[in-house]
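In what follows, a single structure is set out as structure tokens and then discussed.
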Amino acid sequence: MKLLMLKSYYGINIHGDSQGDLGSTVYDGYVNPDLIFIMAATIAKEADNIDLHVIDSNADKILPDELISRLEDTYDCIILKSSAPVIKLDIELAKRLKKVYPNCKMLLAGHIAKLLKKWIIENEKEIDEVVDIPLDFYMYKYVNNTSVVDVNKFPSPDYTLFPYEKYLDSGNVRLSIQTSRGCMMQCGYCPYSAFYDNKIYFIDIEKVIQDLKNVLKLKPKIILFRDQYFTADKNRIEYLCHRIIEENLNFRWTCETKLDLLDTELIDLMIKAGLFMICYGIESGEHKILDAYNRKYDRHEHTKDIISYLNSNNVLTLAFYIIGFPEDTWDSVEKTFNLALELNSRISQFSPFEPCVTYDKEELTPDSFCIYKNTMQVETHSNLSKDEVDYIIDSFTKIYSHNVGELENNYKYEFSYKQKHLELIKELLPLGTDLDKICSFIREKTAN
């Protein structure tokens, strides 16, 4: 089978691996690896019966017209991995590809495809199949003719299939691997829990060590452990850190987790093994809201002490907060901001509540999602309007940056980039889903 695997590009940088595989617009200009896509391609490459062709248009900035001109005469199957901010455009691209290759099987993948599966099947006849599980899970099942996924039998991610030197963070090559997949915490708003059906898949630590050795041959400056809950099993991570140290792997790494299972001894070990940055969700300062979404909140003093200890040991701390839960009020968001100030993470990221995984899937259509943006079109905030939520997020971001002495850096490396992107998006929106006009506009803009 001659298989073409694609990620698209329409002039706006999309991180397809974020937000529970829904994807998000990235304003800082850095391109991120989509680990699910990379793993799916790696599995396909190792299959004897697949002739694999893979293109990451987002990394290489290949617009749809140029992409189609580069393709070969025939394919048996095309898989396009989509993201929420560009789902409407990806559907148009899929239809165009089907017109060029009418005899080829056209698949649309990604979490957004899962959410819109019913609508796509009923309305887009050019799309032959919607992949409603993680793409690498789908590829593993297909290649091995099985209904059971065993992540311990996955190969190491083959970044040489991709322009990995373009996967950058602050100018440094940053590559991703995982020690686990999914999350079992069942938080009602979380796209990761929704995509993995509230399950977590652990990868054997010796396999993780081998994956690390293979990826480190490419000499990345940073490794991101792309687990959704890195320390879900404390004993595994202790063993992983000991093995990294024993193997003398010597690399800097970052992870995302909850703080409940962290203690000073584990932090010391993680730092010795190369940890330099840790990300974690706090979400809200209002316990009633967390309770409503089954979000188990950590002990306050423990959380505060752990963040303080991380800061004192020069580990970069990044906390996530959600603004605009349907239950949020001006009082509750002030509680959230005051909690952020008290916990004193080096970076606090305030993001809007996105209801797509809580929304009635029968009512979801591509028009439910704003093109190029990390928001839905629907109004879901019961007590706060969209404008109020935007205002709160903007205000909190600036005030917090000022309080931690990062106001200038926030302007240079976030605000100014975001403003440029928003101006570009504003110019793109009138073009709708006309791919030819989008290609011409972006090409002209780049030339100037």
Least to most buried among Val86, Val173, by other C-beta atoms within 10 Å and fewest first, runs Val173, Val86
Taking amide H positions as placed 1.01 Å from N in the peptide plane, with prolines and chain starts having none, which residues 5 or more places from Gly281, or on another chain, fall under 5 Å of its amide H? Thr257, Phe320
Least to most buried among Glu129, Glu247, Glu301 (fewest other Cβ within 10 Å first): Glu301, Glu247, Glu129
Can you give me the distance in nm between label points at Lys125 and Leu316, each placed 7 Å from the Cα along the Cα-to-Cβ direction? 5.2 nm
Most fluctuating residue given options Glu327, Glu46, Glu122, as computed from a GNM of the chain linking Cα atoms under 10 Å: Glu122
Sorted by Cβ neighbour density within 10 Å, fewest at the top, the residues Leu424, Leu4, Leu218: Leu218, Leu424, Leu4
May I ask you to list the residues of segment 60-83 whose amide nitrogen lies under 11 Å from a point 7 Å from Cα along the Cα→beta-carbon direction of Arg443? 63-67, 69
Viscosity 1.002 mPa s, temperature 20 °C: Stokes-Einstein D of segment 82-203 from its Kirkwood Cα radius, in µm² per second? 128 µm²/s
Have a look at Thr42, Leu115, Thr146 and report the one farthest towards the positive end of the charge dipole of segment 2-152, computed about the Cα centre with Cβ charges (Lys/Arg +1, Asp/Glu -1). Leu115
Give the span of segment 2-152's Cα atoms along each principal axis, as three whole-Å numbers ordered largest to smallest. 39, 34, 30
Please give the FRET efficiency for Asn403 paired with Ile68, using the beta carbon to beta carbon distance and R0 = 51 Å, rounded to the nearest 0.05. 0.55
Would you please classify the overall shape of the chain from the alpha carbon gyration tensor, given that a ≥ b ≥ c denote the square roots of the eigenvalues, rounded means a/c under 1.5, and beyond that prolate means a/b larger than b/c while oblate covers the rest? oblate
GNM on the chain, Cα springs under 10 Å; top mean-square fluctuation among Gly23, Gly324, Gly281 goes to Gly281
Please work out whether segment 170-404 counts as rounded, prolate or oblate from its C-alpha gyration tensor, where a ≥ b ≥ c are the square roots of the eigenvalues and a/c under 1.5 means rounded, while otherwise a/b larger than b/c means prolate and anything else oblate? prolate
In range of the label at Gln210: residues from segment 234-256 whose backbone nitrogen is under 17 Å from the point 7 Å along Cα→Cβ: 240, 243-244, 247
Per the C-alpha gyration tensor (a ≥ b ≥ c, the square roots of its eigenvalues), segment 46-114 is rounded if a/c is under 1.5, else prolate if a/b beats b/c, else oblate; here it's rounded
Within the chain, cysteines having no neighbouring cysteine beta carbon under 4.7 Å are Cys77, Cys104, Cys183, Cys241, Cys255, Cys279, Cys356, Cys370, Cys439
Compute a Gaussian network model of the chain, connecting alpha carbons closer than 10 Å, and tell me which residue from Leu266, Leu135, Leu275 fluctuates the most. Leu266
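Just so you know, all these numbers are worked out from the coordinates, no wet-lab data involved. It should be emphasised that the depicted structure is a prediction, and the values quoted were computed from it without experimental measurement. Every residue, glycine as well, gets a Cβ built from its backbone with ideal geometry; the counts of neighbours run over all protein chains shown.
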